[in-house]
Amino acid sequence: MTRHPAARAAALLAALAAATALAVTGCGGDGASGPELSARDAFIPEPATADLAAGFLTVENAGDADDTLTSVTSDLAGTIEMHETVDNTMRQVDSFTVPAGGALTLARGGNHLMLMDLTGKPTEGETVSIELHFEESEPITLDVPVESATHTGE
Ligand SMILES: [Cu+2]
């Protein structure tokens, strides 16, 4: 027995309607869902040369959805890469996850920002403006203090 074409069409329509409903819910119209980001404890240790500097900070996510740090920009640096450290070797990654109800921590010996193509050598006591760009959330602009070369943020 073959299924009637009209019944198939009806089933298809029902499936489409369900998909649409899901999509609307996914947009979070109630305003309570999604990532809620805030950044703290950012610092740049004074670098030895004007070639390269590291950046450390914490991004907290008080929301109920993950977000992703997709890029970082600054007037100080032509390029800012995101690096992770594995077995004492750092390597570039495309992005960092900011987990829901958790935090992305960039710290010495682990994940960090690598500021390259510097326009000048940042000096202890200065501040550097950097902008964090996310997949979902609006960008966060930070005035990051330049600390001593051995500063750990503790
Ligand atoms: Cu690095």
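Every number here is computed from the coordinates shown, using simple stated rules; none is lab data. All figures in this text were calculated on a predicted structure; none of them were measured in a lab. Here Cβ is always computed from backbone atoms with ideal geometry, including for glycine, and neighbour counts include all displayed protein chains.
One table, with the values for the structure above:
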{"quantity": "Residues Thr73 and Thr97, FRET efficiency given R0 of 22 Å [Cβ-Cβ distance, rounded to 0.05]", "calculated": "0.70"}
{"quantity": "Cα shape, region 86-147, gyration tensor, a/c 1.5 rule", "calculated": "oblate"}
{"quantity": "Efficiency of FRET from Cβ geometry, Arg108 and Glu138, R₀ 30 Å, rounded to 0.05", "calculated": "0.60"}
{"quantity": "Computed FRET value (nearest 0.05) for Asp66 with Thr150, which takes r as the C-beta separation and R₀ as 35 Å", "calculated": "0.55"}
{"quantity": "Listed peptides 137-144, 39-46 by packing density, highest first (mean Cβ within 10 Å)", "calculated": "39-46, 137-144"}
{"quantity": "Packing rank of 75-81, 119-125, where each peptide gets the mean count of other beta carbons within 10 Å, highest leading", "calculated": "75-81, 119-125"}
